[in-house]
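Engineer: I am attaching a structure below and will ask some questions about it afterwards.
The values are calculated or read from the model by the stated rules, or taken from the named source; none is laboratory data. Owing to the predicted nature of the structure, the values given are computational and were not obtained by experimental measurement. Cβ placement follows ideal geometry from the backbone for every residue including glycine, while neighbour counts extend to all protein chains displayed. Calculation scope for accessible area: heavy atoms of the full protein, side chains included, ligands and nucleic acids excluded. Shrake-Rupley method; radii C 1.70, N 1.55, O 1.52, S 1.80 Å.
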Amino acid sequence: MKIQSLKRWFTSSLRGFREDNRGLSSQVDFMVAVIIYVTAAVIALGASAALIYGSVGANPSNGIVADRAADRLADDYLVDNANDAILDRECTTAFFDKETPGDCGFESSWSSVDQPEHYLNRALAVEEAKQINVTIRTTSGSIETVDGTRLALGDKPPEDRSTVHGYHRQVGLDANDDGAAEWYHISVKVW
Amino acid sequence: MRQFLFTNTEFQRDNRGLYYTLDAMLFAGLLIVAVVLAINAAPTQGSQDVAADRAEAQLQTNAQDVLAVANSTGRLKETTLYWDDSASRWVDSGSSERYFKPPSDHPLETPLSKIFKQENIAYNIAVIYQTEDGSTETKRLYYQGTPGAHAVSAQYTTVLNDDTHLRGPDSDRTVSESSTFYAPDAFPESSKYNILQVRMIVWKL
């Protein structure tokens, strides 16, 4: 009995479906279809980017920026020539003092920028929207001070390390000016 | 557009509107499935691969920097000369005749026991020298096992002369006076003694 009533309801529904004036809502249906399709396309394209690059908190390009900045310091700005593995004391202290001695590979214009907080970004060619921190540390991890200059520049990196990209270079530095260079590392962090 | 939609009699006379919606939903689903399949099939580089590449590049830079600084400070050459002539082996290397970790006075003690140890980096170091007939031989200096996955290598060359002194307990002797020094005089006709290549293989533990 129930089955028969179900059949009756289904056939009457179908008849109603065929006979009613569905055409009146065709325009609305068409618009709904377009919206669904466009929304799906946007979601699919957005999801594909997330699948390719992942959904990590840190911007992957920051790693390249940190890498390039560390190389620039270790191979150019803080040494006499690119093949030196020992940092030049004068150039190193001048860089962290935001000064410009004649023989060093960085320019005076950086220290006279309108916004001193962007000195590092200007010097290391890093866009100003990014934050950067540069330190020279001993093998025990403490920041070195040479001739009264603390070898650290930039804001403190955020506590959430997943958003920070770092790169470091091992270098030599005669911090005490006694002719014996010791091991240090240049650490660059970008976020 | 509005005029087109609401005066288009074809739309009003048939039931195609519903099917447009169903079509759109079907194709939206197909589009998403196609994109997911295409991404899975293509050799994409995910964030983990990027991180692994960067870690490998950092490791390579570390190794190359350590050798470069050691060379600039003279410790690389001292390392190749840290030879116990009486015992015919590296100074304090014991019966294995090679190091697992550096003894306290070793020229490379700081980078190996501080820098590499802090960063969980394992290393093998060998000295490659020339023989009298022009071929090369390898003398192991440090050996910490079979290199792991993603190991990288770095090398640096140093030259010894006939009058270069050994380091360690027999520093009063030159390499040419030594009776057991591992590298022979590969250039007997000149004051040059040998050309050594220090090769380091490093990997993350």
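Engineer: In this structure, does residue A:160 turn out to be over 28 Å from residue A:63 (Cα atoms), away from chain B (no Cβ under 14 Å) and open to solvent by 20 Å² or more (accessible area, probe 1.4 Å)? Give the derivation first.
Structural biologist: Values: over 28 Å from residue A:63 (Cα atoms): no; away from chain B (no Cβ under 14 Å): yes; open to solvent by 20 Å² or more (accessible area, probe 1.4 Å): yes.
So residue A:160 does not fit the description; no.
Engineer: Moving to a separate point now. Of the numbered conditions (1) surrounded by 15 or more Cβ atoms within 10 Å (Cβ to Cβ); (2) without any contact (Cβ under 8 Å) to a residue 12 or more places away in the chain, residue B:94 satisfies every one except a single condition; which is it?
Structural biologist: Failed condition: (1).
Engineer: Scan segment A:111-125 and tell me whether some residue there is open to solvent by less than 40 Å² (accessible area, probe 1.4 Å), more than 22 Å from residue A:88 (Cα to Cα), more than 14 Å from chain B (Cβ to nearest Cβ) and modelled with pLDDT of 90 or more.
Structural biologist: No, because not a single residue in segment A:111-125 is open to solvent by less than 40 Å² (accessible area, probe 1.4 Å), more than 22 Å from residue A:88 (Cα to Cα), more than 14 Å from chain B (Cβ to nearest Cβ) and modelled with pLDDT of 90 or more.
Engineer: Condition check: within 13 Å of chain A (Cβ to nearest Cβ), closer than 13 Å to residue B:142 by Cβ and open to solvent by less than 50 Å² (accessible area, probe 1.4 Å). Does residue B:108 satisfy that? If you could, list the steps in order and put the result at the bottom.
Structural biologist: Values: within 13 Å of chain A (Cβ to nearest Cβ): yes; closer than 13 Å to residue B:142 by Cβ: yes; open to solvent by less than 50 Å² (accessible area, probe 1.4 Å): yes.
Against the criterion (within 13 Å of chain A (Cβ to nearest Cβ), closer than 13 Å to residue B:142 by Cβ and open to solvent by less than 50 Å² (accessible area, probe 1.4 Å)), residue B:108 qualifies.
Engineer: Out of segment A:139-169, which residues are assigned to a loop (DSSP other than H, G, I, E, B) and charged (D, E, K, R)?
Structural biologist: Scanning segment A:139-169 gives A:144, A:147, A:155, A:156, A:159, A:160.
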